[in-house]
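Q: A single structure is presented below for examination.
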Amino acid sequence: MPEREEKGFSRIKELESINLATDEIRDQVIQTKKEVEKDNKKLAEQLNRKFKSHKIKSYDIVGAIGAGKTAILERITEKLGLNYRILVICGDITTRVDANRIEKHNAETIQINTGRECALNAYHIHQIIKNKDLNDYDIVFIENVGNLICPSEFILGTDKRMVIVSITEGEWVIEKHPMLFKMSDIAVINKIDLLERLGTNLDKMINDAKKINPNIDVITTSAKKGQNIDKLMELMGL
């Protein structure tokens, strides 16, 4: 196949997913998505008002599978669990592995198994919170499903969103997933204890995050060794 023709074919393959339905059906899908996002935003705002009215600090933690979300939460709850009343809501496709790990550190944990859904939404959180006495908590953490794409579609009503990536995901991971960084308050680059071995361009990752969102706070950590966890907690206001 001639080079020009091959490039054209590649472009067609890239675009074909948006042409899988008729205009009418596609318009219905787009309208439905807009309505879902509108309802989610309204519910998220209600949740945030509830948290604030009870003087609860709330955090939504997002990141890819294996980035270290649970490990960082373990470190944080280990430090805070004796002095603060903590509720951690964990999202995952299946199992209770993450919740079991975190609850060992003096935190109440609730596992939400989403099945085929790749992110938590405000309705998931609402279903938990409506059955809780918020007077019993000082801090709420929400660990989202491991994914760098889907969570960008839903805000959850927390005070801050923190996105966690690791140097094992490669130095292009932030550049390739800009949306979550645009809508996050803190960016954590984890597993820096492996930096010398992997040779990842850490400066590029930091610069990419700041370029995408000039207002984002960027911090490097090693959850395994506990490096910079105290500094991260300061950024979180804890």
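Values quoted throughout were computed directly from the atomic coordinates according to the rules given, and no laboratory measurement underlies them. Given the structure is predicted, the values throughout are model-derived calculations rather than measurements. Don't worry about glycine lacking a Cβ; one is built from the backbone with ideal geometry, like all the others, and counts go over all protein chains shown.
Q: Express the relative contact order of segment 54-212 as a whole percentage, based on alpha carbon pairs under 8 Å and six or more residues apart in sequence.
A: Details: 303 pairs, mean separation 46.2, N = 159.
Normalised by residue count, the contact order of segment 54-212 is 29 percent.
Q: What does the helix-only formula give at 222 nm for the chain: each DSSP H stretch with n ≥ 4 adding -39500 (n - 2.57), the total divided by the residues, and the result rounded to the nearest 500 deg cm²/dmol?
A: About -12500 deg cm²/dmol.
Q: Let me ask something else about it. Can you tell me the FRET efficiency between Asn135 and Asn201 if r is taken as the Cβ-Cβ distance and R0 is 35 Å, rounded to the nearest 0.05?
A: It comes out at approximately 0.15.
Q: Here's a follow-up. How do Lys42, Lys69 line up, fewest other C-beta atoms within 10 Å first?
A: Neighbour counts put them in this order, fewest first: Lys42, Lys69.
Q: Can you list, by residue number, the Cys in the chain that have no neighbouring cysteine C-beta under 4.7 Å?
A: Here Cys90 come out as lacking a disulfide-compatible partner, given the Cβ-Cβ threshold of under 4.7 Å.
Q: For Arg116, Arg101, Arg161, Arg75, which order do you get if you count the other beta carbons within 10 Å of each Cβ and list the fewest first?
A: Working: Arg116 5, Arg101 16, Arg161 20, Arg75 23.
Going from sparsest to densest Cβ surroundings: Arg116, Arg101, Arg161, Arg75.
Q: Can you give the % of DSSP beta bridges in segment 36-172 that are antiparallel, to the nearest 5?
A: Taking every DSSP beta bridge within segment 36-172, about 5 percent pair in antiparallel fashion.
Q: Scan (i) 1.11; (ii) 0.97; (iii) 1.05 for the value of Cα Rg over 2.2 N^0.38 Å calculated from this model and give just the label.
A: Among (i) 1.11; (ii) 0.97; (iii) 1.05, the one calculated here is (i).
Q: Ranked by Cβ crowding within 10 angstrom, fewest neighbours first, how are Ser222, Ser184 ordered?
A: Ser222, Ser184
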